[in-house]
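The structure appears below as C-alpha cells.
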Amino acid sequence: SLLCLYSAGGRSEGGGFAAFFDLKASGYDDPILVSQTKGLGPKLQVAQVCKRLDTIGQDLVALCVNDLLAQGAEPLFFLSHLTCGKLDAEVMETIKEGIAEACRSAGCAFLGGEVTQVAAPCPSGHWDLAGFVVGALERGQRLLGLQRAEEGDVLLGLGSPGIHGRAFGVVRRILLTSSLRCSSPAPGSCGDTTLGDVLLTPGKMFSPALLPVLRSGHVKGFAPTAEGLLGGISRVLPEHVSAVLDALSWKIPEIFCWLYKEGNLSAQEMAQTFPCGIGAVLVVPKDLAQHVLQDIQRQQEAWLIGKVVAPCDTAGSHIEVENLAEALQLSSPQQLLNDTERQPQPRKRKVKVAVLVSGAGELSLVLAQRRCLGFMLDCSQSPRGVSLRWLWLCSPVQVIDHKLCGSRAEFDGTIDRVLQEFSVELICLAGFLRVLSSPFLRKWRGKILNVSPSLFPLIKDGSAQQEPLESGFRVTGCSVHFVLEEPSAGAVIHREPLRPRAGDAEASPAERLREAELRAFPLGLQLVASGAAWLGAHGRTCWRR
C-alpha cells in the first residue's frame, strides 16, 4: 500500500512503484542530503493500551525531523512503515492523517506509507511504526556542535511536554505498580484529562520555525533531548568542558513530578531518562544569548537554563542539574524567575488535601479541594483529645479500618491507593495515632505535614510544652513541619509560640498549646499549598523569594 501526498518537489510517477522528489525545485544550490530513521518503541504500546493513536504520527515525524535540525538541515520528504498483525483500516487512516498533518507543519512532503501484515507471533491489534526522513542543507551550513562549544557559552532550553523513546519503558513499569490507570484523571487535572492523554502528548516539532535561528550563525549546537536531558546535552558538549543547569529556571510539566514520585526515582534517574520539560537544547555565545532567546520566544516557550563551565573534577557525568529534586517535588508547575528582580507569584489553582484522623480503631481520610482551608480542633471526643472539624468541607469522609488489613504494609498501601484515587497532593496529620511506614514516607516525601507540640520537633510529644521551659527556654509553642523518616528541625515550616489567654490567667499550657496549633496548622498548610515553601533535597525547608 502506497500513499502519496504532495508538496513542492514531491510527486509519484510510474504506476505508483516509487515516489520522486525534485531536489532542484527545492531551491538549493549545492545541497548535502541528511537522513534519519526512528521508531516509537514502548510509547506505541502504551498508545495501543490507551486506544489513542491520533497523535502517534505527529510524534514519529517530530522525532525524525528534530534530529535533522541538529545538523542544521531542512526536512524534504518523509516515508513511513507500519507492521501489524491484522490490518485495521480505521487505525491506518488515523495514523496516516497524523503523519500527513505533521509533515505539513514541518514543510516536508509525505511520499509514502508502506504497510506490512505479518502472521504470528505479532498478535492482532498490535502494530509497529517506523519513519524515515530525508533533508538537505547547503554545503558549509552544518552545525559543528562538539567542535564549537566552549567555557562561558550559555544553554537555552526549548519547552516540550512530550515523553519519548526508552523513557516509556520506565513509564510502563511505573504504570504496572501504580493505582492509577491510563483512563484515570491526570494528576493535578480537574478530571477533564486522563493520565493516558498526558503521557501520550506528542513532543514538540521545532522545524521550520527554528531553522532561521539555527542558520543565523549565532548557534553553536542544537540537540533534541528525546532520549533524556543528560543524553541530549552531552551530544553538543566536547569532553574538555562541563555544563551546569538550574532546574528552577524552566517550567517542568506536572507529569514529570508525578513520575518522579510514583516511580520513586532519583533526580539523577529523571535527568538520564526523561527530558523533564526540555525538548531541545541550544548552545549559544553568552553575548548573543538574550538576542537568540528573544527570537525563539516569539515562536514558543524557551528559557536560559544553564551554562558551559570548566570540566568537573569528579568522575561520572560532566553535566550537573542543580535543584532538580526540589523542582520535581513541587506538585504543580512552578512560577519561573525570568530575571533576578521578578518575584514569583503564589500558585492560584486549587490544591487537593487529605487529612488523616485517627478514631476508634479507624482512619478517616477527610478529602478537601478548597484552595484556602480553615479548620477547628475539638478536644472532647477522640482518644487523644483531638478530632478535626472542617469548615467548607466539600468531599466525603473515607474510612479505613486497620483491623481489616493483614499487615502494616497493607494498611499503608490502602491509604496510598485512596490518596492516588482522589489525586491528593498534600496530606495533613491531625491526631493520627499510627506510625507510617518508611516506604510510605519516602513516596510522599515533602507532601505530609504535621504539627508537633514543641517549637523544636526533636522534643517528643510527652511533655513537650513543659520540657523546653525546664531546659532554660523562655518561650514554648508548636511547630508545623514536614514528616520525615528521621525528624529534623530543618524541616519546620512555621513555629507558633504560646500566647497568654486574655482574662484567663488559669489557662493550662495544654489548652494554650491547642490554641497555638489552631493558628499554626492552617498557615503552614497555606505556605506549602501556595508554593511558598517546599522540602529540599537534603531534608530542609526551602523558601520562594
*Evaluate the Kirkwood expression for the hydrodynamic radius of region 216-292, namely the inverse of the mean inverse distance over all pairs of different C-alpha atoms, and round to one decimal in Å.*
13.6 Å
*Name the GluC sites (Glu not before Pro) in region 217-322 that are in a loop by DSSP and that have at most 15 other C-beta atoms within 10 Å, would you?*
239
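Pull out a ≥ b ≥ c, the square roots of the eigenvalues of the alpha-carbon gyration tensor of region 4-329, then state rounded if a/c is under 1.5, prolate if not and a/b is larger than b/c, and oblate in the remaining case.
Verdict is oblate for region 4-329.
Taken together, the values in this text are just the output of simple stated rules run on the coordinates, not laboratory data. Bear in mind the structure is a predicted one, so any value in this text is a computation, not a measurement. Here Cβ is always computed from backbone atoms with ideal geometry, including for glycine, and neighbour counts include all displayed protein chains.
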